[in-house]
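Structure, as structure tokens:
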Amino acid sequence: MPAKPSWFNLTSLVLGFSFLYLPIVILIVFSFNESRLVTVWAGFSTKWYTALLHNQQLLEAAWVTIKVGAISATLATILGTLAALVLARQGRFLGRTLFSGMIYAPLVMPEVILGLSLLLLFVAIDQNRGVWTIIIAHTTFSMCYVAVVVQSRLSGFDRSLEEAAMDLGCPPVRTFFRITLPQIFPGVAAGWMLAFTLSLDDLVIASFNSGPGSTTLPMKIYSQVRLGVTPEINAICTLLVLLVTLGVIIASILTKRQKLKRIEEERLAAAHL
Amino acid sequence: MARKPLGPIRRTFLPWDDPGEQPFIEFRNITKRFGSFVAVNDLSLKIYEREFHALLGGSGCGKTTLMRLLAGFEQPTSGQIFLEGNDLAGVPPYKRPINMMFQSYALFPHMNVEKNIAFGLEMDGLSGKEIRSRTHEMLSLVKLEGFRKRKPHQLSGGQRQRVALARSLAKRPKVLLLDEPLAALDKKLREETQLELINLQEQLRLTFLIVTHDQEEAMTVADRISVMDKGSILQNATPGEIYEQPNSRFVAEFIGDINVLDGQITRKHREDVQLFSSVLGGHLSVRYPTSADVGDHAALAIRPEKMRISFEKPEDQSTNAIQGEVWDIAYMGDVSIYHIKVAETETLRAIVANTTRLVERPISWDDQVWLSWDSDAGIILTR
């Protein structure tokens, strides 16, 4: 039976969640403001959302962001999974500790340093900056997140499954796609989602490595805010919040359903024995 | 402890006694090191076609490593492995006509029973029709027709074990490797499955190699047993020979229970040997072929079921008889194990079958009794 919350608990709850969500609530509320002034309420309207559809620059930035996110997340997932496989599988080799330490380093490296060093690299190799340099930069810093997620999934993986597949005549590469990948897929998918969100989120590294025609949404928002916040910004941010919330809800429903299905199947199996 | 018959004794099947017979599998001077640990030490072993061979030993004795070397998951540090006379060096596991049933069963969790069994056939590039008929054949062989669409986690332990068996047999391998196949099953199911394995092996006429730490399992299923310790084979013989003529103290004590009395040989005439035991302070006679000679230190070993207990001293002079006191009785249902204290530092065990319903023990705690055994019941161990 749930206990009646005490006044102290209730106050803590309200304070804590207000601290977290009040700014976002304000952002959303004012995206429906009639007035052009962000802080003065003048009635409900959806006109800023309509205006958004006609703001070519913002839409373009959104498209660049999604493109960069999808491509860099995919590349980071491939590279990160490979790195995780080597670190989890190769056993002890010379410099293994160094390598596993080095893969975690970008997690704690200041973004400014990462962005700057990549910029210096691109300048040194005389690479014109644009969408591809952002993609490479994002791949670099998000692949280590993927490696960490996939590695944790691999640590619980039963190697004898791969041996069984090979024993039954399956060559190693085919074994990876038929047996290993389906088993670690939740980890790989989570890694991709993480990499995609990180890329969507990033302002600092993208600013260092972008060029003409490759402005991402965070960069666009940031530069517009410096000229003054318009309700249009509120509207696009609300859409972003909506997108992220939807993603989280779908992901949790999927995992919950999978868990329920498994419990149900096990119950059925037990009934048949 | 319950005793079982000494395995399937097929008197006509003795290829290892025929010098003209070619081995089906041969390990030749195999050594496998993991770093500084020697898992398999200069080991040679010949296994014949249609033999059911058991590698028996405690954990870390190298039995699993030997099996994995044959499957191709490990490469020998030195030595060669032959299958039908062909060197297997450099042949990857997926190209060896050998299939293995894993201890964990290693069923693919994301595939149903049918897909699991069909996996190996699919790898062979068989037609869909043939895969279906072979899968069906395997399912009926292990009596799981109704479970085709189940996923592994929807099966009981015994059912999983049978799926694993069906999957490893589906490709009709030349050799089937069984890595502790029944370890996860309960005792009753394990005993049933052991008999099923024997039937299956005879029915399919395949060569089976089983790795186990369970001596009763090895005795039940195998034609020959290799008892292993520290990476070497101590004895390779039929279950009957292993039990009745163990070649060393380790083998004798590993298989079943045995009483061992240390002593020195005082007289020897052909197979009739007399041994002086300082613990008992007396002479014991035994009829057993041994290379040990007068003056050598040796041990006399007798299985507890070959001992008799009586209040009166046996009449027969050729029988060994020593006096002792009943120290403890372990009632096992079918038999009782009597611990008889025969000297201050020596307790011997005798097994008595409970042939009648037990109401009152004729021989009980603290009774003074005679422990006797025939001279051809014991064996001489020299190492």
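The values are calculated or read from the model by the stated rules, or taken from the named source; none is laboratory data. If you're wondering where the values come from, they're calculated on a predicted model, not measured in any experiment. Neighbour counts are summed over all protein chains in view; Cβ atoms, including those assigned to glycine, are modelled from backbone coordinates with ideal geometry.
Among the residues making up the range B:282-306, those that are buried (at least 18 other Cβ atoms within 10 Å of the Cβ) and either without any contact (Cβ under 8 Å) to a residue 24 or more places away in the chain or assigned to a strand (DSSP E or B) (or both) are B:Leu284, B:Ser285, B:Val286, B:Ala298, B:Ala299, B:Leu300, B:Ala301, B:Ile302. Checking each residue in the range B:71-91 for being surrounded by 13 or more Cβ atoms within 10 Å (Cβ to Cβ), out of contact with any strand residue (DSSP E or B) (no Cβ under 6 Å at 6 or more places or on another chain) and either farther than 22 Å from B:Asp124 by Cα or within 14 Å of chain A (Cβ to nearest Cβ) (or both) picks out B:Gly72, B:Phe73, B:Glu74, B:Val91. Considering only residues in the range B:139-155 that are within 13 Å of another protein chain (Cβ to nearest Cβ) and in a helix (DSSP H, G or I), the one that is surrounded by the fewest Cβ atoms within 10 Å (Cβ to Cβ) turns out to be B:Gly146. Considering the range A:1-95, the qualifying helices (runs of 4 or more DSSP H), each wholly inside and each with 3 or more residues that are over 30 Å from A:Gln224 (Cα atoms), run over A:7-31, A:56-89.
In the range A:12-24, the residues that are surrounded by 10 or more Cβ atoms within 10 Å (Cβ to Cβ) form Cβ pairs under 7 Å with partners that are assigned to a helix (DSSP H, G or I), at six or more places apart or across chains, as follows: A:Ile24/A:Val241.
To keep it simple, each residue is scored yes or no on (1) in contact with a Gly (Cβ under 7 Å, 6 or more places away or on another chain); (2) at pLDDT 85 or above; (3) within 27 Å of A:His138 (Cα to Cα).
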| site | (1), (2), (3) |
| --- | --- |
| A:Arg159 | no, yes, no |
| A:Pro182 | no, yes, yes |
| A:Gly187 | no, no, yes |
| A:Asn209 | yes, yes, yes |
| A:Pro231 | no, no, no |
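With respect to being charged (D, E, K, R) and either at positive phi or over 24 Å from the mean Cα position of the chain (by Cα) (or both), B:Lys174 falls outside the description.
Looking at the range B:92-138, which of the residues that are assigned to a helix (DSSP H, G or I) and touching a Pro at 6+ places or on another chain (Cβ under 8 Å) is nearest to the other protein chains (Cβ to nearest Cβ)? Spell out how you get there, then give the answer.
Of the residues in the range B:92-138, the ones assigned to a helix (DSSP H, G or I) are B:93-95, B:113-123, B:128-138.
Pick out the ones that are also touching a Pro at 6+ places or on another chain (Cβ under 8 Å) and you get B:94, B:113, B:116.
On the way: B:Tyr94: 5, B:Val113: 12, B:Asn116: 9 Å.
Restricting to residues being assigned to a helix (DSSP H, G or I) and touching a Pro at 6+ places or on another chain (Cβ under 8 Å), the top hit is B:Tyr94.
Residues in the range B:223-260 that are assigned to a strand (DSSP E or B) and out of contact with any Lys or Arg (no Cβ under 9 Å at 6 or more places or on another chain): B:Arg224, B:Ile225, B:Val227, B:Asp229, B:Ser232, B:Ile233, B:Leu234, B:Gln235.
Taking A:Met193, is it of a type in the set (A, V, I, L, M) and within 13 Å of chain B (Cβ to nearest Cβ)? Walk me through how you get there before you give the answer.
On the way: of a type in the set (A, V, I, L, M): yes; within 13 Å of chain B (Cβ to nearest Cβ): no.
No.
Of all residues in the range B:307-327, those satisfying the criterion of being among the charged types (D, E, K, R) and part of a strand (DSSP E or B) are B:Arg308, B:Glu325.
Here A:Arg159 clears all of (1) crowded, with 20+ Cβ neighbours inside 10 Å; (2) within 12 Å of chain B (Cβ to nearest Cβ) except the condition numbered (1).
Taken over the range B:212-250, the criterion of being crowded, with 23+ Cβ neighbours inside 10 Å and among the aliphatic types (A, V, I, L, M) is satisfied by B:Ala218, B:Met219, B:Val221, B:Ala222, B:Ile225, B:Val227, B:Met228, B:Ile233, B:Ile242. Of the numbered criteria (1) touching an Asp or Glu at 6+ places or on another chain (Cβ under 8 Å); (2) among the small types (Gly, Ala, Ser); (3) within 30 Å of A:Phe141 (Cβ to Cβ), the one A:Ser45 fails is (3). Note on the range B:336-368: residues that are in contact (Cβ under 8 Å) with a residue 40 or more places away in the chain and surrounded by 19 or more Cβ atoms within 10 Å (Cβ to Cβ) amount to 5. Quick check, is A:Thr245 more than 14 Å from every other protein chain (Cβ to nearest Cβ), part of a helix (DSSP H, G or I) and either exposed (fewer than 12 other Cβ atoms within 10 Å of the Cβ) or at pLDDT below 75 (or both)? Criteria met by A:Thr245. Looking only at the range B:81-91, residues that are assigned to a strand (DSSP E or B) and touching a residue at least 24 places away in the same chain (Cβ under 8 Å) come to 3 in all. A Cβ distance below 7 Å, combined with a sequence gap of six or more or placement on separate chains, defines the contacts here; from the range B:13-28, residues that are surrounded by fewer than 19 Cβ atoms within 10 Å (Cβ to Cβ) reach residues that are assigned to a helix (DSSP H, G or I) and not basic (Lys, Arg) in the pairs B:Glu21/B:Pro15.
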